[in-house]
Amino acid sequence: MTLRGMLCFIGSGLTVVAAAPTPTEVLARATAYHDPHGEWAALEDTTFHFIETRPGAENKTVTMVLNNRTTSMRLDRNGTEAYAITRESCTVIAGERDAARGLMLRNYYLYLWGLPMKLHDADTPLDAEVTTAEIDGAACDVIRVVYEQDTWYFFIDQQTGRMRRYTFYKDEAAGKGELIKLEDEIQVGSMRIPQKRSWYTLPGMKYLGTDILTKTE
């Protein structure tokens with residue numbers, strides 16, 4: 001249809017329905033909100049300080065020193081275990097756990113605190129369909145990522161691009177997984193990183209704990 005034809009359609013009072021966005025477009029909108037100047041990939045020697053709370057347990061303090069330029073991380077969990085990691089090489093600095101544990105923790109912290117930017121990784125299997133949902137009164141586009149062992153859903157505000165929550169399923173058919181609510185944000189350069197992540201079981205919504213990014217330096 002020509003531009004004139006489109007204008008005639010609009011002028012005649014007919015409704016023009018916008019095409020649904022693609023997963024790539026939704027992810028681009030989320031990235032524009034959370035990392036507008038592409039700082040995540042170039043992050044150097046930035047220290048993240050976390051407090052992790054769990055019901056019935058003492059709070060843990062975690063420090064992560066991240067350098068994405070050199071693909072390296074230094075991680076200290078509550079003074080009981082610490083690791084220095086560069087690419088796939090891990091040195092155990094403290095504690096009785098092994099290098100495999102350190103690499104697992106590296107992947108955990110890098111992925112969760114690097115969202116939504118980490119979804120740009122080349123091996124991210126974005127599903128072709130975008131669905132919609134309402135979260136706390138905000139209309140969201142939902143993108144689905146199907147990994148080998150679990151399936152994730154990311155809820156992106158249609159107006160702002162803010163990531164409002166995500167869920168993952170180990171057994172999607174049975175609805176077994178976890179839901180992570182996001183609250184507040186902390187500024188790291190121009191990046192807006194969700195500050196509080198509260199975890200709940202699916203199904204049942206049993207509260208599992210909250211991870212809080214207290215500051216960066």
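The values are calculated or read from the model by the stated rules, or taken from the named source; none is laboratory data. Here the structure is a predicted model, which means the values were calculated and not measured. Backbone-built Cβ (ideal geometry, glycine too); neighbour counts: all protein chains shown.
Just for the stretch 168-186: of the residues that are within 20 Å of Val62 (Cβ to Cβ) and of a type outside the set (Lys, Arg), which one is surrounded by the fewest Cβ atoms within 10 Å (Cβ to Cβ)? The residue in question is Asp184. Considering only the stretch 93-104, I want to know if a residue exists there that is hydrophobic (A, V, I, L, M, F, W, C), farther than 20 Å from Ala30 by Cβ, surrounded by 13 or more Cβ atoms within 10 Å (Cβ to Cβ) and touching a Cys at 6+ places or on another chain (Cβ under 9 Å). Checked against the condition, which is being hydrophobic (A, V, I, L, M, F, W, C), farther than 20 Å from Ala30 by Cβ, surrounded by 13 or more Cβ atoms within 10 Å (Cβ to Cβ) and touching a Cys at 6+ places or on another chain (Cβ under 9 Å), the stretch 93-104 yields at least one hit. Residues in the stretch 1-48 that are surrounded by 13 or more Cβ atoms within 10 Å (Cβ to Cβ), more than 17 Å from the chain's Cα centre (by Cα), modelled with pLDDT of 95 or more and not in a loop (DSSP other than H, G, I, E, B): 1 in all. The condition of being of a type in the set (Val, Ile, Thr), farther than 22 Å from Ala57 by Cβ and at pLDDT 95 or above holds for only one of Thr210, Thr201, Thr216, that being Thr216. Taking residues in the stretch 40-69 that are in contact (Cβ under 8 Å) with a residue 12 or more places away in the chain, and partners anywhere that are of a type in the set (Phe, Trp, Tyr) and surrounded by fewer than 16 Cβ atoms within 10 Å (Cβ to Cβ), the pairs with Cβ atoms closer than 7 Å and at least 6 places apart or on different chains are Pro55/Tyr207. Taking the stretch 134-179 as the range and being of a type in the set (D, E, K, R), more than 14 Å from Leu115 (Cα to Cα), in a loop (DSSP other than H, G, I, E, B) and touching a residue at least 12 places away in the same chain (Cβ under 8 Å) as the test, the residues that pass are Asp136, Asp150, Glu172. Residue count for the stretch 110-165 under the criterion of being under 14 Å from the mean Cα position of the chain (by Cα), closer than 23 Å to Glu183 by Cβ and either modelled with pLDDT under 95 or surrounded by fewer than 15 Cβ atoms within 10 Å (Cβ to Cβ) (or both): the result is 3.
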